[in-house]
Structure formats: C-alpha cells, structure tokens
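S.K.: Below are the structure tokens for one structure; questions will follow.
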Amino acid sequence: MTQPTVDEVIGLIRERGGRASRAGRKVIESLTAAAGDHRTAEEVADEVRRHSPDIHPATIYRNLERLEALGVAYHTHLGHGPAQWHLVAGAHPHLTCERCGHVIEAPVGAFDALRSSLWQSTGFRVDLRHFALTGTCAACVAQER
Ligand SMILES: [Zn+2]
Ligand SMILES: [Zn+2]
Ligand SMILES: [Zn+2]
C-alpha cells in the first residue's frame, strides 16, 4: 500500500481550494503515518496532542471533517464501534470477520464486476468505502470444519 507524503496531501488540498493549518498538517501526518491501517478520530486526536497538546480535540475533529469534505480523507465503519479514518489515496474495501473481528483489506478492483452489474441493472452506484463487508475469515471457516 503506497501512502502519499504529507506534502502530496497538502498539494491536493490546495488544488481543491482548501488550506492546511498547523492542526490540519498534524492530522495529515497522523493519517499518513498510519500506513495502510486505520485510526479512529480519537486516536488521531491523542496522537496529535501527544506532540502538540495546545491543539484542541474539537479542532482536530473539525479538520478531519474538512479533509473528508475536500475528498482527501474519509471515514469507514469496520464493524461496531467508532469509525476509522483513512486517506483517500490508497483507499480499498474492507472485509470484517464477524467471529474474530479480523479486518482484511480487499484488493481495490475486487468488486468491479458487482459494481458494474448493479449499475447496469439498477443505476445504483455502490460506495464500498463507507462500510466494510462482513462475513467469516478463512481461519474461522477452517475452525468450523
Ligand atoms: Zn484500510
Ligand atoms: Zn475470523
Ligand atoms: Zn459513516
């Protein structure tokens, strides 16, 4: 999974007419450092505040929302519990095991056939980023046997 650099993300924000404040930059640093895994808004806030305790959590949450509005970051629900945050660069669908809670990152094109068949039959455009698909992971299936 290739993560963009902080400067690349800030370049994208400027291209889209946004601005990156100091708090915004810290939030992006935290999401970039997550390298393929995910962070809740609270984890992002904790991490930013470890280095910059003067930045208020509400400012950090507002920055996450602003990044989402600009299409630079997004939140995803992997199961029960708080949403996880991701940079849009390197976005992928998630599979969550309902037995053990294990989260698998699905290949980006894994649902292309499903997406286009639904689009053709219903005109519905599926968003596979917002929620994870749930099921049973290979290890839990093996235990059932
Ligand atoms: Zn992920
Ligand atoms: Zn499992
Ligand atoms: Zn949501």
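S.K.: Could you tell me how many of the residues in segment 100-133 are surrounded by 15 or more Cβ atoms within 10 Å (Cβ to Cβ), touching a Ser or Thr at 6+ places or on another chain (Cβ under 7 Å) and part of a loop (DSSP other than H, G, I, E, B)?
M.R.: Adding up the residues that qualify gives 2.
S.K.: Which residues, taken from segment 100-145, are within 24 Å of residue 75 (Cα to Cα), within 16 Å of ligand 2 (Cβ to nearest atom) and of a type in the set (A, V, I, L, M, F, W, C)?
M.R.: The answer is 100, 103, 104, 106, 132, 133, 137.
S.K.: Can you work out which of the residues in segment 85-99 that are within 14 Å of ligand 2 (Cβ to nearest atom) and part of a strand (DSSP E or B) is nearest to the chain's Cα centre (by Cα)?
M.R.: For segment 85-99, the residue satisfying everything is 94.
S.K.: Still on this model: Name the single residue that is farthest from residue 31 (Cα to Cα) among those in segment 104-135 being within 16 Å of ligand 3 (Cβ to nearest atom) and hydrophobic (A, V, I, L, M, F, W, C).
M.R.: 126
S.K.: Evaluate the following for residue 80: is it at pLDDT below 95, more than 11 Å from ligand 1 (Cβ to nearest atom) and of a type outside the set (Asp, Glu)?
M.R.: Considered against the rule, which asks whether it is at pLDDT below 95, more than 11 Å from ligand 1 (Cβ to nearest atom) and of a type outside the set (Asp, Glu), residue 80 comes out as yes.
S.K.: Which of the residues belonging to segment 38-69 are over 23 Å from residue 103 (Cβ atoms), within 15 Å of ligand 3 (Cβ to nearest atom) and of a type in the set (Val, Ile, Thr)?
M.R.: If the condition is that a residue be over 23 Å from residue 103 (Cβ atoms), within 15 Å of ligand 3 (Cβ to nearest atom) and of a type in the set (Val, Ile, Thr), then no residue fits.
S.K.: Identify all residues within segment 1-15 that are buried (at least 17 other Cβ atoms within 10 Å of the Cβ) and at pLDDT below 90; write none if there are none.
M.R.: Across segment 1-15, the qualifying residue is only 4.
S.K.: Then there is this: Give me the pairs: first residue in segment 70-84 and outside any loop (DSSP other than H, G, I, E, B), second residue within 16 Å of ligand 2 (Cβ to nearest atom), beta-carbon distance under 8 Å, and six or more apart or on different chains, which are they?
M.R.: Close Cβ pairs satisfying both conditions: 76/94; 76/132; 77/132; 84/78.
The values are calculated or read from the model by the stated rules, or taken from the named source; none is laboratory data. Here the structure is a predicted model, which means the values were calculated and not measured. Positions of Cβ are generated from backbone atoms using ideal geometry, with glycine treated the same way; all protein chains shown enter the neighbour counts.
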